[in-house]
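Colleague: There's a structure below that I have some questions on.
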Number of protein chains: 2
Amino acid sequence: MRTPDRPTIADVAATAGVGTGTVSRVLNGGVNVRESTRLKVLEVIKRLGYRPSHLAAALSRGSARTVAILVPHLTRPSTVARLAGALAVLDEQRYDTIVCNVDTREQRDHHLAALTARHRADGVIVVSIYLDKQHLEAFHRGAIPLVTVDAVAAGVPQTIIDDMAGGRLATAHLLELGHRRIGFVGDAIPRGEPDLGFTSSRRRLLGYRRELAAAGIDPDPELVRLGPHGPAVAAELADQLLRLPDPPTAIFAASDTQAMGVLSAAERRGFPVPGKLSVVGFDDIESAALLNLSTVRQPLEHSGGEGARRLCALLHGAKVRPIRQQLPLRIVRRSSSARPGLDLPGGGPSHLFAADASRMPDERGRSRSHAFRRVSDIRLGGQNACRMEWVA
Amino acid sequence: MRTPDRPTIADVAATAGVGTGTVSRVLNGGVNVRESTRLKVLEVIKRLGYRPSHLAAALSRGSARTVAILVPHLTRPSTVARLAGALAVLDEQRYDTIVCNVDTREQRDHHLAALTARHRADGVIVVSIYLDKQHLEAFHRGAIPLVTVDAVAAGVPQTIIDDMAGGRLATAHLLELGHRRIGFVGDAIPRGEPDLGFTSSRRRLLGYRRELAAAGIDPDPELVRLGPHGPAVAAELADQLLRLPDPPTAIFAASDTQAMGVLSAAERRGFPVPGKLSVVGFDDIESAALLNLSTVRQPLEHSGGEGARRLCALLHGAKVRPIRQQLPLRIVRRSSSARPGLDLPGGGPSHLFAADASRMPDERGRSRSHAFRRVSDIRLGGQNACRMEWVA
DNA sequence: GTGAAAGCGCTAACAC
DNA sequence: GTGTTAGCGCTTTCAC
């Protein structure tokens, strides 16, 4: 056994000359306790530096109010937006959240096994990760409350978008502008390095094809380029497209991150955007607004929040309806897409960063309109600075 | 009491016809258990769908192997990089991590109170948040293992950078290029909305001033503009600078995010970068490489990892040295900064995205050089696509 | 090797 | 109002 170090509730009770039940009552709400007793107990707690054990309380109470959230590639802007949305809700609902970041299949399986084999969390949120039969079966057997976000899973409450429709949306937007040769840059699983089961890029590609077909355009396999996710790879893929004898006049990228790579390639190859090349992304991450990237917006933060909310409902014993919650998509038209053949002599100014910055979203998607006023020349670090007051 | 629902170790023991101790041994390592017994117990566990309670085990064992990490503004790229770094280490050390995101002082104090008032986590990592005497005292009283990352705190193991030196580095870089009128865009606390105690922008400003002074340049208060963190505000502040009768030829932004706002403003005002305006940021987030932003690189992910490592050491009962761990800084020269007066007739191509994309970092800062090879025209979604194989 | 039993630190009935 | 006590579900001696 360990050395008895930290004071326990019994120590407090003894010192205060009361029973442990009373101390417990003081700790939780303090109802049915005489004020003088309460004060005395509180005083002893402070004096002894007593800190109740969450572990013991949770065990005794029968619930830890802890959930786990499994996210892939934490550093991706879309992932972190979803995570933030979930955390906000869970925080408000007073749940602690264990975050499991996953970059490989091994990590995924490791965390999934840990979460299902033992009772670690009251419930689990799985984000953008494909769960196979085995995984689902494990959750089912353990009767572990589970929801997914951005991932379909049979019988599991899920918050998703229609990626196929999104692909059509983006493509339709470009078709509408008059483009006929439209390229696609998206994800492919690197050889021998199977991914986490992301399927969104593939479904967006499907939408792209459907929409082209609907417009009576013959699909040109040359115009579809797939590679591992990331801006650098996307740039290379786009570069391949731009080097084609008959390059596309527009490129639809499966994510904003990849669209940024496409923009990069366009700049390098001397394809002014949108003059000579239109670009459309997907997600509407914060940088998209900054770069004036036309894109298909999906409610990222909201999706995380909804997943969390639905898990909470599940934990309350409520039925969650509908099982498959589909969030809306919409095209956001910015200046990276325009009619083809707009190429101005001299190239014209790049569209990048060209919009009214005062309408860009700042922290957490809140869009602000700004007004600044010089308040004073304040002293900062021993010297003067011009301090601007921000007025909402 | 609750209804006895989930099977317990006692159920398993009874069903298997063994004692609970044996089941426990099977669960943990399985030493000193006859193979036949082990197998039988395992079989019963599976049959009953028994899942050991982490809570009970942790309580009995005396440790939950759980740490908490407090981060501000989770969605900021620099924050998420630090978090990812910490999670990677904690994961490897087999700690579960409770993530607390904090956007306001109230949230900060709420989480800090929760973490110190009760024994929830074995240790705490505080990232980029200023802890005042009260906070520190609470940790001290509770003898709660604590480390900070990107935040100074008396007597607490901390992993930091020298922001002042970083400010000098950026400024020196611009001075070296020949700039004399250098603007600064950084953070100021919005009125009546005190922040989380970020101090880095202020210290970078200090470095900027020191370096200017060392170069014998009179500080011009007009050239220093402060406002709430974010690209939109930074764009507005930069715009104010560019509208000055005698605008700066270079701007140092206190973060890459703000530098992106500065780039945006430059584009709008028709200040080609770096022809008419040089821009230097701070952090070297992923987008910085993509945008060819010159910047002061700090090891973000590594800082989180180091914080985690040091907390683990603390939890092992080891002494952590040095208390103040300072990580290196270096200037990264990209094409957003150049000699002043390089403005080409016609504006010239924007520097943005102009670099060799194949040297951009992809996932998690790994820098890759690329080689693609067309592998095959594979079938995807019922149609052909050109699949590229990526060769390292 | 294995079972019995004593905790781990708390909550919640229950009696007074 | 308050003290007592029986668990919560596990780990870990300690005999056998």
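Values in this text are rule-based calculations from the coordinates and carry no lab data. No experiment lies behind these values; they were computed from the predicted model shown. Methodologically, a virtual Cβ is constructed for each residue, glycine included, from the backbone with ideal geometry; neighbour enumeration extends over all protein chains shown.
Colleague: Taking each label point as 7 Å beyond Cα in the direction of the beta carbon, state the distances from B:ARG61 to the same residue in the other copies, shortest first, in nm.
Modeller: 2.3
Colleague: Report, ordered by chain and residue number, the aspartates and glutamates lying within cross-link reach of A:LYS276, taken as a straight Cα distance under 17 Å and ignoring same-chain residues fewer than 8 apart.
Modeller: Output for A:LYS276: A:GLU176, A:ASP239, A:ASP246, A:GLU267, A:ASP343.
Colleague: Any chance you could tell me what percent of the C-alpha pair distances in region B:9-50 go past 15 Å?
Modeller: Working: 204 of 861 pairs.
More than 15 Å apart: 24 percent of the Cα pairs in region B:9-50.
Colleague: Just add up the charged neighbours of B:GLY142: K/R +1, D/E -1, any other residue whose Cβ is under 10 Å from the Cβ of B:GLY142. Could you put the intermediate results ahead of the total?
Modeller: On the way: positive: A:ARG6, A:ARG51, B:ARG118, B:ARG141; negative: B:GLU137.
Within the 10 Å Cβ shell, the charges total +3.
Colleague: Ranking B:LEU291, A:LEU293 by Cβ neighbours within 10 Å, fewest first, what do you get?
Modeller: A:LEU293, B:LEU291
Colleague: Per-residue Cβ counts within 10 Å, from other chains only, averaged over A:279-288: what number is that?
Modeller: Details: counts 0, 0, 0, 0, 0, 0, 1, 8, 8, 0.
So the per-residue partner count for this stretch is 2.
Colleague: Just to verify a number: FRET efficiency for B:ALA154 and A:GLU92, C-beta to C-beta distance, R0 = 30 Å, to 0.05? Write down the numbers at each step before the final one.
Modeller: Working: r = 33 Å, r/R0 = 1.10.
Efficiency computed from Cβ-Cβ geometry: 0.35.
Colleague: Taking each residue of A:108-114 in turn, how many C-beta atoms of other protein chains fall within 10 Å of its C-beta, and what is the average? Can you show the working numbers first?
Modeller: Working: counts 0, 0, 1, 1, 0, 0, 3.
Other-chain Cβ atoms within 10 Å of each residue's Cβ, averaged: 1.
Colleague: Distances in nm, one decimal, shortest first, from B:LEU39 to the same residue in every other copy, taking the label point 7 angstrom along Cα→Cβ.
Modeller: Once sorted, the set of distances for B:LEU39 reads 6.9 nm.
Colleague: Now a separate question. Along the charge dipole of region B:184-287, Cβ charges K/R +1 and D/E -1, which of B:ALA214, B:ALA234, B:PHE184 sits furthest on the positive end?
Modeller: Result: B:ALA214.
Colleague: Return the ratio Rg/(2.2 N^0.38 Å) for region B:142-282, where Rg is computed over Cα atoms only.
Modeller: Working: Rg = 16.1 Å, N = 141, 2.2 N^0.38 = 14.4 Å.
Cα Rg divided by the expected 2.2 N^0.38 Å: 1.11.
Colleague: Report, in whole Å, the centroid distance computed from the Cα atoms of region B:29-54 and region A:209-275.
Modeller: Measuring centre to centre over Cα atoms gives 55 Å.
Colleague: On to the next question. Just to be sure I understand the model, the point goes 7 Å from the Cα along the line to the Cβ. What's the resulting A:LEU244 to B:ASP5 distance in nm?
Modeller: Between A:LEU244 and B:ASP5, the label points sit 5.6 nm apart.
Colleague: For label points placed 7 Å from Cα toward Cβ, what is the shortest-first list of nm distances from A:ALA113 to its copies?
Modeller: 4.2
Colleague: In debye, nearest 20, what is the charge dipole magnitude of region B:9-50 about its Cα centre with +1 on Lys and Arg Cβ and -1 on Asp and Glu Cβ, if you could check? Present the calculation step by step, with values, prior to reporting the outcome.
Modeller: Values: 6 positive and 3 negative charges, 16 e Å.
Rounded to the nearest 20 debye, it is 80 debye.
Colleague: Using Cα-Cα distances under 8 Å and only pairs 6 or more residues apart, what relative contact order does region A:9-50 have, in percent? Walk me through the intermediate numbers first.
Modeller: Working: 32 pairs, mean separation 17.5, N = 42.
With pairs under 8 Å counted, the relative contact order is 42 percent.
Colleague: Can you sort B:VAL89, A:VAL71, A:VAL147 by how many other beta carbons sit within 10 Å, fewest first? Each step should come with its number before you reach the end.
Modeller: Numbers: B:VAL89 19, A:VAL71 24, A:VAL147 30.
In increasing order of surrounding Cβ atoms, one gets B:VAL89, A:VAL71, A:VAL147.
Colleague: How much net charge surrounds A:ARG181 when only other residues with a Cβ under 13 Å from its Cβ are counted (Lys, Arg +1; Asp, Glu -1)?
Modeller: On the way: positive: A:ARG180, A:LYS276; negative: A:ASP218, A:ASP220, A:GLU222, A:ASP246.
Value of the local net charge: -2.
Colleague: Within 10 Å of each Cβ in B:117-130, how many Cβ atoms from other chains are there, averaged over the peptide? Don't skip to the answer; put the middle values down first.
Modeller: Details: counts 5, 8, 9, 9, 2, 0, 0, 0, 0, 0, 0, 0, 0, 0.
Mean shielding by partner chains, rounded to a whole number: 2.
Colleague: Can you list the lysines whose alpha carbon is less than 29 Å from that of A:LYS319, not counting same-chain residues fewer than 8 positions off?
Modeller: A:LYS133, B:LYS46
Colleague: Within region B:281-323, list the trypsin sites (Lys or Arg not before Pro) lying in a DSSP loop whose Cβ has at most 12 other Cβ atoms in a 10 Å radius.
Modeller: Details: sites: B:ARG297, B:ARG309, B:ARG310, B:LYS319; in loops: B:LYS319.
Passing sites in region B:281-323 are B:LYS319.
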